Amino acid sequence: DFLCDPNEDSIEIALSLIHNGKYPRVVPDEKQLLEQVTKIDLLVIASPNYMHTPQLLCWSQHEITILVEKPVAISEKQVSALKAAEPKMKANIWVAMEYRFIPAINKLIQHLPEVGEIKKVTIRENRYPFLTKIQEWNKDVDKSGDTLVEKCCHFFDLFRLITGQEMQSCVSKVHRGLLWDHYGYEQRERKEEV
């Protein structure tokens, strides 16, 4: 077993959660972990969003199973890269969309036959926009894909799960307040206009 993270605090927290005495081999960077690929059956990719595509492109060339956090890609460029590489991928890939396992969602799915034909699905979430993460990467549009990708991909998955169909259209109403005011988006937009 291996544990790979460039952040020492994250490594310490992860190791503190192990109580059976079976500690994994700690590897400080992904390049060193890749050297051990023949000893890996299952790889969990739990890195910042912008790293998911490059990591999938690298690791999917090997015959392993990969559980990757959502979203798999944050831009059209990343989506195109994954589509181009897909024919050569050897890995079994599963995307972690954990909202579908929330007990309330499971209960809803159980009651769907009683509801009848679904005409429309609406989801509303009221919460603080983003949690605090290492180096606040999730508040950077270029690293997170912004709210529609970072947060709403859960809802797109739920739409598909509930209806059993692919989405045909989407209307989104969001308030960017905290991100906009506190993380420099206004200054960034002005800079891009110049």
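The values are calculated or read from the model by the stated rules, or taken from the named source; none is laboratory data. Owing to the predicted nature of the structure, the values given are computational and were not obtained by experimental measurement. Cβ: placed from backbone, ideal geometry, glycine included. Neighbour counts: every protein chain shown. Ligands, DNA and RNA are stripped out before the accessible areas are found, and what is left, the full protein with its side chains, is counted by its heavy atoms. Shrake-Rupley method; radii C 1.70, N 1.55, O 1.52, S 1.80 Å.
Quick notes on this one:
- Residue satisfying condition, being of a type in the set (S, T, N, Q) and open to solvent by 50 Å² or more (accessible area, probe 1.4 Å), within set GLN32, GLN55, GLN78: GLN32
- Meets criteria (touching a Cys at 6+ places or on another chain (Cβ under 7 Å) and not aliphatic (A, V, I, L, M)) for GLU30: yes
- Checking PHE155, PHE159, PHE101 one by one, the residue that is open to solvent by less than 50 Å² (accessible area, probe 1.4 Å) and more than 22 Å from MET51 (Cα to Cα) is PHE159 and no other.
- Scanning region 1-40 for residues that are within 21 Å of the chain's Cα centre (by Cα) and part of a loop (DSSP other than H, G, I, E, B) yields ASP5, PRO6, ASN7, ASP29.
- Residue check, ASP1 exposed (fewer than 14 other Cβ atoms within 10 Å of the Cβ), of a type in the set (D, E, K, R), farther than 30 Å from LEU131 by Cα and in contact with a strand residue (DSSP E or B) (Cβ under 8 Å, 6 or more places away or on another chain): no
- Filtering region 92-108 to residues that are closer than 17 Å to PHE159 by Cβ and assigned to a helix (DSSP H, G or I) leaves GLU98, TYR99, ARG100, PHE101, ALA104, ILE105, ASN106, LEU108.
- Selected residue (criterion: farthest from SER10 (Cα to Cα)) from residues of region 98-151 that are hydrophobic (A, V, I, L, M, F, W, C) and free of Cβ contacts under 8 Å to residues at least 40 places away in the same chain: VAL115
- Meets criteria (part of a loop (DSSP other than H, G, I, E, B) and open to solvent by 70 Å² or more (accessible area, probe 1.4 Å)) for GLU117: yes
- Being in a helix (DSSP H, G or I) and either modelled with pLDDT of 95 or more or in contact with a helix residue (DSSP H, G or I) (Cβ under 9 Å, 6 or more places away or on another chain) (or both) is a condition met by no residue of region 60-71.
- Counted as qualifying within region 126-194 are the helices (runs of 4 or more DSSP H) with 1 or more residues that are among the hydrophobic types (A, V, I, L, M, F, W, C), more than 15 Å from the chain's Cα centre (by Cα) and modelled with pLDDT under 70, namely 177-182.
- Sole exception among (1) in a strand (DSSP E or B); (2) under 14 Å from the mean Cα position of the chain (by Cα) for LEU43, by number: (2)
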